[in-house]
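Working notes, beginning with the structure itself.
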Amino acid sequence: MAPWRLPVLPLALVWGWVLASSSPSTVAPPQDLQITDPGLLGSLDVEWKPPPHVQTFNECTVKYKFEYRNTGDRDWKVIFTRKLKFRVGFDLSRTAEVRLQTLLKGQCTGDVEVHSDWIYATFQIAPQGKLESEVQNFHCIYHDWEYLKCTWQPGLLTAHGVHYGLYYWYEGLEHTVQCDHYIQDHGVNVGCVLQNLSQAEYQDLNICVNGSAAATLLRPLYTTLRLHNLAKPSAPEQLELSVSAAGELLVAWSPPGGRVPPHCLEYEVQVAEDAGEAAAAWAFVSTQMETALTISRANQSHVSCVRVRGRTNIFCADQGFWSEWTQDCFSVSIKEDKQLFILIPVILSLSISLIIFMLIGQCKKR
């Protein structure tokens with residue numbers, strides 16, 4: 001009888017089976033997830049500790065999937081990181097929610113990503129005062145990229161003698177700062193003007209408007225702004241209007257002053273025909289980023305009026321406010337201008353003939 005033998009397996013297959021059998025199929029979640037408020041009007045510190053025995057995964061990369069949102073938001077914001085602490089922004093008028101899981105991948109997992117269960121944490125400021133006591137109609141505009149003007153109206157349950165204060169913070173400030181230039185109405189602060197905010201552009205600007213009144217708790221308002229999305233430039237300058245020999249309107253203007261980057265502006269141009277005593281009916285002509293435009297007119301006997309306004313374009317902001325229209329309305333009668341274009345060559349020709357005739361007469365006298 002032939003001796004019984006074990007089947008011989010390829011060495012690579014055996015080694016792969018050993019690795020697979022020793023690879024972790026699960027990993028523990030992080031530990032001690034905490035949310036703390038450093039008093040920065042919505043920027044909260046979130047930190048955690050690594051999962052236990054993380055040092056045993058020396059042949060793998062340990063990362064964390066960190067997600068956060070406010071209660072009521074449909075989508076989570078996602079961050080992949082190897083850090084153990086993050087500072088992220090929330091709306092403090094709603095509950096802050098975070099969730100976290102461990103991601104493990106590398107030689108120790110056979111290059112397959114393994115993830116842990118989620119761990120969760122929430123944070124909420126204890127509500128103060130009734131919702132109706134919060135300021136109403138809060139609105140901000142970033143004028144010429146030079147100063148931010150915010151206004152509001154007192155809450156519906158506001159008592160006499162109320163005092164409002166606006167506080168703000170952005171990355172780079174060591175602590176929150178109070179407004180130092182309030183707008184008042186009958187002695188009550190109903191607005192604030194903030195200047196020197198260039199360092200806050202293209203990042204979160206956290207704002208809180210709270211108030212105090214005798215024997216009354218007032219609900220604070222929290223909001224986060226992006227200055228470039230609140231920009232409102234001044235009206236374009238040096239608007240000029242001329243007419244070509246072909247009867248086309250040639251419109252040109254200059255960008256407004258202030259700190260608005262010229263490459264961040266787009267313009268809307270409108271034209272109105274003379275309607276006699278009736279109000280002019282403005283017609284949309286063009287939205288463009290250039291500062292000049294040629295307009296062809298079908299009816300060249302009418303008088304036209306042109307106006308221009310500007311706003312931040314899509315390359316520099318998600319949205320913005322249109323400027324006011326140019327104040328001066330330039331009117332041009334194309335029919336009269338075409339006659340002028342015809343008369344100018346005639347006048348020049350007569351002038352040249354007269355000069356030649358005078359020169360010939362002087363030569364004959366000599």
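A crude spin-label estimate for the pair TYR120 and GLN136, with each label 7 Å from Cα along the Cβ direction, gives 3.7 nm. For TRP145, nonlocal amide neighbours, meaning residues 5 or more places apart or on other chains whose placed amide H falls under 5 Å from its own, are LYS232.
Projecting label points 7 angstrom from Cα along Cα→Cβ for SER242 and THR56 puts them 8.3 nm apart. Here's the picture: a label point sits 7 Å out from the Cα of ASP45 along the beta-carbon direction, and within the range 76-108 the residues with their amide nitrogen under 19 Å of it are 82-92, 96-99. For the residue pairs LYS83/LYS105; LYS77/LYS149; LYS130/LYS232; LYS49/LYS77; LYS49/LYS105; LYS65/LYS85, alpha carbon separations beyond 23 Å are given by LYS77/LYS149; LYS130/LYS232. Placing +1 on each Lys and Arg Cβ and -1 on each Asp and Glu Cβ, with no other charges, gives the range 15-123 a dipole about its Cα centre of roughly 160 debye. Here each label is just a point 7 Å from Cα along the line to Cβ, and for ARG87 and GLU146 those points are 3.1 nm apart. Amide H contacts under 5 Å for SER43: PHE90, restricted to partners 5 or more places along the chain or on a different chain, H placed in the peptide plane at 1.01 Å from N.
No value in this document is a laboratory result; all are computed from the given coordinates. Everything quoted here is computed from the prediction, not taken from an experiment. Here the Cβ is made from the backbone with ideal geometry for all residues, glycine too, and neighbour counts use every protein chain on show.
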